[in-house]
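To start, the structure under review is shown below, and the notes come after it.
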Amino acid sequence: MGLNLTQKIIKAHLISGEMKPQSQISIRIDQTLTQDATGTMAYLQFEALGVSRVKTELSVSYVDHNTMQEDFKNPDDHEFLRTVASKHGIVFSKPGNGICHQVHLERFGKPGKTLLGSDSHTPTGGGLGMLAIGAGGLDVAMAMAGSPYSLKMPGVVRVVLTGELPAWVTAKDIILEVLRRETVKGGVDKVYEYSGPALKTLTVPERATITNMGAELGATCSVFPSDDVTLNFLKAQGREKDWIRLEADSDAIYDREIQMDLSKLEPLAACPHMPDQVKSIRELEGLEVQQIAIGSCTNSSFVDIARVASILDGRQVHPNVSLGISPGSRQVLLNIAEKGYYQKLVKAGARILECTCGPCIGQGFAPPTAGVSVRTFNRNFEKRSGTADAKLYLVSPEVAAVAAIEGKFTDPRKFGNYPKVQMLEKFSIDDSMIIYPPADGSKITIKRGPNIAPLPLGKPMASELSGETLIVVGDNITTDHIMPAGKYLPLRSNVPEYAKHVFEGVDKEFANRAKAKNGGFIIGGENYGQGSSREHAALCPMYLGVKAVLVKTFARIHLANLVNFGILPLTFKNADDYSKISLSDHLEIDVSNLNGKLTVKNQTKNQSYEVAHSLSDREIEIIKSGGQLSYEKMKNNA
């Protein structure tokens, strides 16, 4: 029996465990990446581990989120990141060099390697044939220190692509169709592995669009084989030496299979406020739009931006529309300028934004009140844009460009000839904003601004957890709901300040209530904690004294983050019990034996509910210790 591509990469990196579905395994991590919104905390955690130099083949620190330097906070963080990188052997990508996933795809990703990143869209690297996984910053810090990464052996879903994309239908429509079928929770503990004769028609950046947005499935990651298409991309980047051929065996076994004929797809959009709320552009035709945002780590490659410029060439952005374009990297910016596309964008009336995440995370370019914003991004969660009542739609760059001209949703197939733009055979490359560390960083002094607060540690868990229900929330609560980003991103280095905003967009009194009640419990529905990998959605509740989170189901990364920070993650054995708990109910849980039967006693209503967990023995010890860092310290002092 042959191996699929996912199994091949895992087998080559397996440290412990068996490759049986849902079994706990540990794998060696070759590369890591961080970005500045998660990186400051990850490197504070790395320092706490007492390791002088990273032990991975490559670790890269990117600055691409907190680039709006309105006061000292962000530039101080950037100096901290720069000096930490220099001291500990980490490559540093300066502000303005580009979005981590786009730059990593261009300059560092290697087929067959494992990549762990403190950003949920790290699976972008799967477009190059990597096993690229998003995780919390503490998991990345542990990997940099040489520890293996633990996860459940994922099931593998084979997505067989046949046919060829029609004009005006793109890779974005492929992943939107997968989301329409699978939903935002359909991919938990799964890898989506792409195959089929249509692969030869999809470039690496197109593949990366699919693997990037595969994160919205809740999947561990997505992966494409490394083939001749991959070789052509790496040659264009001057990195053909990094290529290996890597494909599934012809007799490989999969857990499930999805068939998709690309010739039958049409232009699609994800409607407010979830990436799986997918409709055809035909159904939305005529809906007026006020803002268009093109870019993000999903759709900001050279071809994406060049094709937008070709559509806009000789035309003007509609008078009622504001168009902002964020090239994914400095390399993309340089190449569209050299080929004349930059001028076409400016002449058409586009605003050229910085090569950063920007509008995708609510950092500038917010929509107007109740405005319709059409975006080429990967998430359209409510309030994420910075405007609470904006309506966010996710589309391809081609659909966005046509809407920018027409001022409304328009089926692009009616618009005219589809512009022919090919990926370059050789990119102009300038890596001057990538800073490599010295061979010996021992004499480097790390710069710490006043906004970088001491790292909070969890306390060992008591044998009984008791307290009040602090909040009851519904299904698909995202980490944006738990820890808002946007204007609060500069507080990521300062947990005491950032914790004041936990659940602010859901319940403004949550933080004050948690503090007044000395902590307590969070109750949630299905897919709790989906979205961004931001570990602050566990770290800040831990700081406020949250003892356990009781839900119907968890999203993968958030579940791991709760464990890392010593918050007990529990699921209801009977999903109906979720609706029986109210705000301020007093709950008690005997946790003296986490391997035994667990019962939640609701003293307020004189009720009991059976709950369960999926924790390994090691994770139980981490929880009991008060989190991963406390566990490591106890282990080292034993």
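Since every read-out is calculated from the coordinates, none of them should be taken as a lab result. Just so it is clear, the structure is predicted and the values come from calculations on it, not from any experiment. Ideal geometry is used to build each Cβ from the backbone, glycine not excepted, and the neighbour counts take in all protein chains shown.
Just for the stretch 5-264, what percent of DSSP beta bridges are antiparallel, to the closest 5?
20 percent
Quick check: convex hull of the Cα atoms in the stretch 5-264, volume per residue, rounded to a whole Å³?
Cα-based convex hull of the stretch 5-264, divided per residue, equals 130 Å³.
What does the charge count around Arg28 come to, taking other residues whose C-beta lies under 12 Å from its C-beta (Lys +1, Arg +1, Asp -1, Glu -1)?
Here the count lands on +1.
Students often get this wrong: which residues of the stretch 376-412 have the backbone nitrogen under 20 Å from the point 7 angstrom along Cα-to-C-beta of Arg315?
Under cut-off, by backbone N: 376-377, 393-412.
Give the residue list of trypsin sites (Lys or Arg not before Pro) in the stretch 324-403 that are DSSP loop and have at most 12 other beta-carbon atoms within 10 angstrom.
Sparse-neighbourhood loop trypsin sites (Lys or Arg not before Pro): none present.
Viscosity 0.890 mPa s, temperature 25 °C: what is the translational diffusion coefficient of the stretch 464-637 from Stokes-Einstein with a Kirkwood Rh over Cα pairs, rounded to a whole number of µm²/s?
Estimated via Stokes-Einstein, D reaches 153 µm²/s.
Just want the answer: with Cβ charges of +1 for Lys and Arg and -1 for Asp and Glu, which residue in Leu179, Ser195, Gln35 is farthest toward the dipole's positive end in the stretch 5-264?
Ser195
Would you work out which of Asn602, Leu49, Thr162 lies farthest towards the positive end of the dipole of the chain? Charges go on Cβ: Lys and Arg +1, Asp and Glu -1.
Checked the options; the winner is Leu49.
Roughly what percent of Cα-Cα pairs across the stretch 268-414 reach past 20 Å?
Tail fraction, whole percent: 40.
Among DSSP beta bridges whose residues both lie in the chain, state the antiparallel percentage, nearest 5.
35 percent
Thinking of the chain as a set of Cα atoms, what percent of all their pairs are more than 47 Å apart?
Result for the distance tail: 11 percent.
Which of the GluC sites (Glu not before Pro) found in the stretch 1-84 are in a DSSP loop and have at most 11 neighbouring Cβ atoms, other than their own, within 10 Å?
Those that pass, being in a loop and sparsely packed, are Glu18, Glu70.
Checking the table Lys515/Lys580; Lys517/Lys597; Lys73/Lys347; Lys391/Lys508; Lys508/Lys580; Lys55/Lys547 against a 29 Å threshold on Cα-Cα, which pairs fail?
Lys73/Lys347; Lys55/Lys547
Pulled fully out, how much extra length does the chain show between Ala575 and Asn518, if you take 0.36 nm times their separation in residues and subtract their Cα-Cα distance?
17.8 nm
Taking the Cα centre of each part, how many Å lie between the stretch 509-551 and the stretch 81-159?
For the stretch 509-551 versus the stretch 81-159, the Cα centre distance is 26 Å.
Which FRET efficiency, nearest 0.05, do Asn593 and Ala388 yield, Cβ-Cβ r, R0 60 Å?
Working from the Cβ atoms, E equals 0.85.
For the stretch 1-72 and the stretch 200-270, what is the separation of their C-alpha centers, rounded to whole Å?
Computed from Cα coordinates, the inter-centre distance equals 21 Å.
In debye, nearest 20: dipole of the stretch 464-637 around its Cα centre with unit charges on the Cβ of K, R (+) and D, E (-)?
With only Lys, Arg, Asp and Glu charged at Cβ, the dipole is about 320 debye.
Mind putting a number on the dipole of the chain about its Cα centre? Charges go on the C-beta only, +1 for Lys and Arg and -1 for Asp and Glu, and I need it in Debye to the nearest 20.
Value, rounded to 20: 680 debye.
Suppose every K and R has +1 on its Cβ and every D and E has -1 on its Cβ; what is the size of the dipole of the stretch 248-321 about the Cα centre, in Debye to the nearest 20?
420 debye
I need the calculated FRET efficiency for the pair Lys508 and Ser582, taking r as the beta carbon distance and R₀ as 25 Å, to the nearest 0.05.
The formula returns an efficiency of 0.85 here.
Please report the relative contact order for the stretch 289-348, taking Cα pairs under 8 Å with a sequence separation of at least 6, and give it as a percent rounded to a whole number.
48 percent
With labels modelled as points extended 7 Å from the Cα through the Cβ direction, what inter-label distance (nm, one decimal) is found for Ala337 paired with Asp475?
Result: 4.8 nm between the two label points.
Give me a comma-separated list of calculated 3J(HN,Hα) values for the stretch 298-303, in order, Karplus coefficients 6.51, -1.76, 1.60 applied at θ = phi - 60°, integers in Hz, x for any Gly or Pro.
Using θ = phi - 60°, the values come out as 8, 9, 9, 6, 4, 5 Hz.
In the stretch 434-459, whose amide N lies under 18 Å from the spot 7 Å out along Cα-to-Cβ of Glu497? List them in ranges.
Backbone N within reach: 447-456.
Can you work out ³J(HN,Hα) from phi for every residue in the stretch 399-415, in order, using Karplus 6.51 cos²θ - 1.76 cosθ + 1.60 and θ = phi - 60°, giving whole Hz and x for Gly and Pro?
With coefficients 6.51, -1.76 and 1.60, one gets 5, 5, 5, 5, 5, 5, 6, 7, x, 7, 4, 9, 4, x, 5, 8, 7 Hz.
Spelling out what I want: for every residue of the stretch 207-217, take phi, set θ = phi - 60°, compute 6.51 cos²θ - 1.76 cosθ + 1.60 (Karplus), and round to whole Hz; glycine and proline get x.
Karplus-based 3J(HN,Hα) across the stretch 207-217 equals 4, 5, 4, 5, 5, 4, 7, x, 4, 6, 7 Hz.
Arranged from highest to lowest average of other beta-carbon atoms within 10 Å per residue, in what order do the peptides 200-206, 535-541 appear?
535-541, 200-206
Long-range amide H contacts for Leu116: which residues qualify at under 5 Å (H placed 1.01 Å from N, peptide plane, sequence gap of 5 or more or a different chain)?
HN-HN under 5 Å from Leu116: Gln31, Thr32, Leu33, Ile133.
Can you find, among Asn527, Cys540, Val506, the residue sitting farthest towards the positive end of the charge dipole of the stretch 504-548, where Lys and Arg contribute +1 and Asp and Glu -1 at Cβ?
It is Cys540.
Given a cut-off of under 8 Å on Cα pairs at least six residues apart, what relative contact order in percent is computed for the chain?
Relative contact order, the chain: 14 percent.
What lysines sit close enough to Lys200 to cross-link, taking a C-alpha to C-alpha distance under 18 Å and skipping anything fewer than 8 places away on the same chain?
Lys172, Lys235, Lys264, Lys420
For Ile429 and Ala167, FRET efficiency with R0 = 22 Å and r from the beta-carbon atoms, rounded to 0.05?
0.10
Could you work out the relative contact order of the stretch 475-540, using alpha carbon pairs under 8 angstrom and six or more residues apart, expressed as a whole percent?
Relative contact order here is 53 percent.
Quick one: which residues, 5 or more positions from Ile258 or on another chain, have an amide H under 5 Å from its amide H? H modelled 1.01 Å from N in the peptide plane, none for Pro or chain starts.
Long-range HN contacts for Ile258: Arg158, Val159, Val160.
Quick one: Cα convex hull volume of the stretch 45-152, Å³ per residue?
103 Å³
Can you list the residues of the stretch 66-104 with backbone N under 19 Å from a point 7 Å past the Cα of Lys443, pointing along Cα to Cβ?
83-90
Excluding Glu47 itself, calculate the net charge of residues whose Cβ lies under 11 Å from the Cβ of Glu47, where each Lys or Arg counts +1 and each Asp or Glu counts -1.
Charge balance near Glu47 sits at +2.
For n ≥ 4 DSSP H runs only, could you compute -39500 (n - 2.57) per run for the chain, divide by its residues and tell me the 222 nm figure to the nearest 500?
-8000 deg cm²/dmol
Please identify the GluC sites (Glu not before Pro) of the stretch 539-622 that satisfy two criteria: DSSP loop assignment and at most 10 other Cβ atoms within 10 Å. Which are they?
none
If amide hydrogens are placed 1.01 Å from N in the peptide plane, which non-local residues have theirs closer than 5 Å to the one on Gly467?
Leu587
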